[in-house]
Amino acid sequence: MIRASKPLLRLLIPGHYSPFRRLHAGSRRRRYSKNDNDDDDKNDKGTHLHLYKSKGQHLLTNQRILDTIVRKSAIEPTDTVLEIGPGTGNLTVKLLEAASKVFAIEIDSRMVEILDKRALESGLQDRLTVIRKDALKAEFPLLDLVVANIPYNISSPLVAKLVFGPIQFRSATLLLQKEFARRLLAKPGDSEFNRLAVNVTLVADVEHVMDVSKREFVPCPKVDSSVVIIRPKAQVPDVNMEEWLAFTRTCFGKKNKTLGATFKQKKKVAELLNFSDMAASNAEYNDGGDDDESADSDGEEDCSSSSGSSEMGVSPFKEKIMKVLKSGCFDGKRPSKMSNEELLRLLAMFNDAGVYFHDKSNTKCEDINCE
């Protein structure tokens, strides 16, 4: 439990520490020296604000770091900014001063109350719109920038929603767990290189801005953080995204194994055979045309053709996969050392050979989480 005196609350909510006078964080007890008189201490009773570490409620209080985040975000006076998980609004107030409009997604009603109060007292309430929903489920508004201290427990799916979602934006300045940021920034050959980096860098560039000590947060988390900027690329490869995500999931399941070893697994070969059968059947159906007579005459052929690949069996299909790998000299390569260009080339070779990696009847886009 954290019992906060007035000096600490001025850090948590600079200039706005009423009516919330105590913080309980569900961690070990920490004591702070009392600088207030007895009357002030009595007024503290009955007003509490609990911060839940399990929900990622760690408040950044260092004004210099907050100013750096806003400055590096390159906010224009006409910009609309999306903030996710604003907490008590230490960053929000600075965003309101810099931008034309700020949408803040916050699910905690207590934080919403504080945000509204701070915006009102700063005279910027007309620029703030609070969306009280789960950020992973909320529909994002039209925006120019994202600037946010992301809760650690939703970092991967939230980054996926941003970079693969329908909403276009100029950049996203994110405060993330340092380990997560390192994996996001990893290059082929780095020990941290993983599926997360492969998928994100396909569609965006990632820049490291600065590291932030865990001591700059209240309550103090277990790990340090990093600020990164994600900028969507103007041009992205012409690739089916569901197919790409399924392909990288297969390759990076054991990222240090050779591709030859990965694709020799009977279970994986059988799975790919099934997906490829369905893709072939869908292609034949779509090419069938509207002519009734043609459709009738092709009916038997479709049945035999769609089952032909299955009748081929797992072993011949495995040979087809190995042939693709060897023809491109990929059988001895490890995903952890391959560039996106190499992976894109291999996926194109597989698809050209009739090998597919996802169920085309399932339109749900996979999460990019590499774990």
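The values are calculated or read from the model by the stated rules, or taken from the named source; none is laboratory data. These numbers were taken from a predicted model, which means no experiment stands behind them. No Cβ is skipped: glycine too gets one built from the backbone with ideal geometry, and neighbour counts run over all protein chains shown. Remember, those area values only see protein heavy atoms, side chains included, never the ligands or the DNA or RNA. Shrake-Rupley method; radii C 1.70, N 1.55, O 1.52, S 1.80 Å.
If you go through the range 235-252 and keep only what is among the aliphatic types (A, V, I, L, M) and open to solvent by 70 Å² or more (accessible area, probe 1.4 Å), you end up with just V236. Is it the case that A135 is open to solvent by less than 40 Å² (accessible area, probe 1.4 Å), within 27 Å of T61 (Cβ to Cβ), outside any strand (DSSP E or B) and in contact with a Gly (Cβ under 8 Å, 6 or more places away or on another chain)? The answer is yes for A135. F317 fulfils the conditions (1) surrounded by 14 or more Cβ atoms within 10 Å (Cβ to Cβ); (2) at pLDDT below 55 except for a single criterion, (2).
Only one of these is at pLDDT below 75 and surrounded by fewer than 14 Cβ atoms within 10 Å (Cβ to Cβ): R31, R64, R22, R71. Name it. Unique residue meeting the criteria: R31. If you check T129 against the conditions, is it more than 24 Å from N240 (Cα to Cα) and open to solvent by less than 20 Å² (accessible area, probe 1.4 Å)? When the stated conditions are applied, T129 does not pass them.
Considering only the range 166-204, how many residues are buried (at least 18 other Cβ atoms within 10 Å of the Cβ), small (G, A, S) and more than 21 Å from S73 (Cα to Cα)? Residues in the range 166-204 being buried (at least 18 other Cβ atoms within 10 Å of the Cβ), small (G, A, S) and more than 21 Å from S73 (Cα to Cα): 2 in total. When the residues of the range 76-100 are filtered to those that are open to solvent by 20 Å² or more (accessible area, probe 1.4 Å) and within 22 Å of the chain's Cα centre (by Cα), the one that is modelled with the lowest pLDDT is G85.
Yes/no matrix, rows are residues, columns are (1) touching a Gly at 6+ places or on another chain (Cβ under 7 Å); (2) buried (at least 18 other Cβ atoms within 10 Å of the Cβ); (3) within 25 Å of M322 (Cβ to Cβ):
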{"position": "V218", "(1), (2), (3)": "no, yes, no"}
{"position": "V228", "(1), (2), (3)": "no, yes, no"}
{"position": "K233", "(1), (2), (3)": "no, no, no"}
{"position": "K254", "(1), (2), (3)": "no, no, yes"}
{"position": "Q265", "(1), (2), (3)": "no, no, yes"}
{"position": "S276", "(1), (2), (3)": "yes, yes, yes"}
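Candidates are the residues of the range 197-221 that are touching a helix residue (DSSP H, G or I) at 6+ places or on another chain (Cβ under 7 Å) and either acidic (D, E) or modelled with pLDDT under 95 (or both); the one that is nearest to N62 (Cα to Cα) is E216.
Determine, yes or no, whether R110 is open to solvent by 40 Å² or more (accessible area, probe 1.4 Å) and at pLDDT 95 or above. No: the conditions fail for R110.
When K264 is tested against (1) more than 30 Å from G87 (Cα to Cα); (2) at pLDDT 95 or above, just one condition goes unmet, and that condition is (2).
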